[in-house]
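As structure tokens, the structure follows; a few thoughts come after it.
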Amino acid sequence: MIHITLSDGSLREYDQPLSVYEFAASIGPGLAKAAVAGRVNGVLVDCQFMLETDARVSIVTPQEPDGLEILRRSCALMLAMAVKQLYPKAQLQNGSALGDGFFYEFAFERALNLVDLAGVEARMKTLAATNHSIRHRETSSGPRHLETVRSYLVGDFECPSKGPHVPATRVLQAFALDHISGTSPQRIYGTCWSCQEELDNWRAPPHVMIVSMDDRQADYAQSVTEALRRSGVRARADLRNEKVRHKIREHSQQVPYLVVIGEKEKQGRFVSVRSHTGEDFGRMAVDSVCDWLRSIGIADA
């Protein structure tokens with residue numbers, strides 16, 4: 001007999017091993033449909049993970065941060081598949097969830113442009129609609145959990161990736177590609193959300209753009225973005241691996257305030273604030289920025 005303890009402390013018994021997905025289905029069809037992964041004894045795993053011994057298990061859905069990150073990671077995998085289908089000679093580099101979205105890096109024979117980007121997004125939507133399964137390739141050895149880089153199959157497309165991933169592409173519906181940068185290699189960036197309403201809200205013009213110097217500040221920049229959002233500010237982070245002057249110049253044309261984050265800001269747990277006209281407000285603690293923006297009326301009602 002296998003004893004499964006739920007997050008609320010209740011206990012369920014099963015007379016044979018079952019997958020995380022089957023466990024979710026035993027609780028209810030709605031939970032099974034919403035499941036993107038499981039958490040087994042505190043470790044995130046794919047829905048195909050087999051429960052063979054007593055464990056504490058919870059089902060991960062897109063309504064929690066871990067679930068949303070899994071959506072975005074899976075979108076990166078689907079992006080790789082779409083590019084490879086459209087450009088068979090493209091060399092896959094690496095991809096991941098990043099901030100509000102995801103990216104994948106490729107080496108191409110030629111530089112892709114915005115017209116190509118629209119074609120890639122259209123192919124991704126087709127892949128999502130045809131509902132390919134996403135599963136890791138079974139191996140005879142290796143760790144039981146899926147936090148390390150393993151080989152994943154999206155339909156018959158195989159790609160190395162860190163798991164876990166959503167069980168099928170049908171879950172990936174509210175996404176868009178928004179940037180392409182570099183020449184060789186190139187990075188394609190996109191955003192992904194749990195529903196179309198969240199994607200539409202993200203597309204609303206932001207009050208504040210958080211701009212990172214490079215990849216090293218990505219996590220801190222995203223945490224600042226989330227803090228501003230909790231205070232009612234429409235904030236977005238530009239985490240692209242591009243020169244910060246280029247990003248500042250681009251956003252200064254459209255966004256009222258810019259928050260710049262480099263290594264000094266990250267280490268000191270503060271930010272540098274400026275207006276789109278170039279007025280420098282100096283360095284501030286994140287809470288102070290939230291209070292200041294509220295005081296000048298830069299917040300949603």
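The values are calculated or read from the model by the stated rules, or taken from the named source; none is laboratory data. Just so you know, these numbers come straight off a predicted model, no measurement behind them. Positions of Cβ are generated from backbone atoms using ideal geometry, with glycine treated the same way; all protein chains shown enter the neighbour counts.
Annotations for the structure displayed:
- Here Ala128 clears all of (1) surrounded by 15 or more Cβ atoms within 10 Å (Cβ to Cβ); (2) among the small types (Gly, Ala, Ser); (3) closer than 21 Å to Leu44 by Cα except the condition numbered (3).
- Search result, residues across the stretch 168-188 that are within 29 Å of Tyr21 (Cβ to Cβ) and of a type outside the set (A, V, I, L, M, F, W, C): Thr169, Arg170, Gln173
- Only one of the listed residues (Ala76, Ala37) is crowded, with 20+ Cβ neighbours inside 10 Å and in contact with an Asp or Glu (Cβ under 8 Å, 6 or more places away or on another chain). That residue is Ala37.
- Within the stretch 59-118, the residues that satisfy the criterion of being closer than 30 Å to Ser7 by Cα and among the polar types (S, T, N, Q) are Thr61, Gln63, Ser74, Ser96.
- The number of residues in the stretch 14-42 that are in contact with a Leu (Cβ under 6 Å, 6 or more places away or on another chain) and in contact (Cβ under 8 Å) with a residue 40 or more places away in the chain comes to 1.
- So Val43, is it hydrophobic (A, V, I, L, M, F, W, C), in contact with a strand residue (DSSP E or B) (Cβ under 6 Å, 6 or more places away or on another chain) and at pLDDT 95 or above: no
- Matching residues, the stretch 139-160, being at pLDDT 90 or above, surrounded by 15 or more Cβ atoms within 10 Å (Cβ to Cβ) and under 18 Å from the mean Cα position of the chain (by Cα): Tyr152, Val154, Cys159
- Among the residues listed as Glu279, Glu263, the single one being of a type in the set (D, E, K, R) and without any contact (Cβ under 8 Å) to a residue 24 or more places away in the chain: Glu279
- Cβ-Cβ contacts under 8 Å between residues 6 or more apart (or on different chains), taken from a first residue in the stretch 43-59 that is touching a residue at least 60 places away in the same chain (Cβ under 8 Å) to a second residue that is among the acidic types (Asp, Glu), are listed as Val43/Glu147; Leu44/Asp66; Leu44/Glu147.
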